[in-house]
Amino acid sequence: MPNKNRHENYDILNMIGYGLAKFDTDLVYNMGFKTKTDFYRHFIQLGIARSRGAISNRQDMFDPFFDNHRRGWWQRKEENEHRKNLIDSFYKDLDCLEFIEILKKLLIYRGFIHPIEHVEISPLLQSQFEALKDD
């Protein structure tokens with residue numbers, strides 16, 4: 001049963017936050033944005049988040065798990081570890097470009113973007129996306 005207090009795009013925001021914490025500006029630039037502000041604005045325009053804070057807070061949740069210059073929400077690391085472990089179980093070994101491809105497929109799967117060409121989303125990937133949504 002879905003959590004009524006959970007953001008409607010919980011899974012996507014977790015993936016974005018994980019990607020930002022792990023890859024930082026490499027994620028932003030490799031997705032075609034010049035700045036993090038442009039990156040945030042894009043996801044707000046898609047309707048995934050209502051504010052920049054909704055996205056940056058997700059990055060803060062995942063920052064303690066990665067060797068980066070940000071501290072994130074250290075006091076809540078244990079509370080968020082299951083989210084990180086779930087995403088790791090599927091995508092830990094991906095490099096930035098591979099992760100971006102998965103993120104784009106998630107956005108396609110959830111109907112936020114529509115590719116020009118047909119994009120194959122395997123049943124395995126679909127089940128992973130559903131697991132992210134239900135965690």
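Of all residues in the stretch 29-57, those that are farther than 15 Å from Glu8 by Cα have Cβ atoms under 7 Å from Cβ atoms of residues that are among the hydroxyl-bearing types (Ser, Thr, Tyr) and buried (at least 16 other Cβ atoms within 10 Å of the Cβ), 6 or more apart or on another chain, in Arg52/Tyr40. Within the stretch 86-105, is even one residue in contact with a helix residue (DSSP H, G or I) (Cβ under 8 Å, 6 or more places away or on another chain), more than 22 Å from Asn30 (Cα to Cα) and not β-branched (Val, Ile, Thr)? Yes: one or more hits. Would you be able to say whether some residue in the stretch 40-48 is at pLDDT 95 or above, among the β-branched types (Val, Ile, Thr), over 14 Å from the mean Cα position of the chain (by Cα) and under 22 Å from Cys96 (Cα atoms)? No: zero hits.
Let's see how each residue does on (1) under 13 Å from Ile16 (Cβ atoms); (2) not small (Gly, Ala, Ser):
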{"position": "Phe43", "(1), (2)": "yes, yes"}
{"position": "Arg83", "(1), (2)": "yes, yes"}
{"position": "Ser89", "(1), (2)": "no, no"}
{"position": "Ser127", "(1), (2)": "no, no"}
{"position": "Asp134", "(1), (2)": "no, yes"}
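The values are calculated or read from the model by the stated rules, or taken from the named source; none is laboratory data. In this text the structure is predicted, and so the values were computed from the model without any measurement. Positions of Cβ are backbone-derived with ideal geometry, glycine not excepted, and every protein chain shown enters the neighbour counts.
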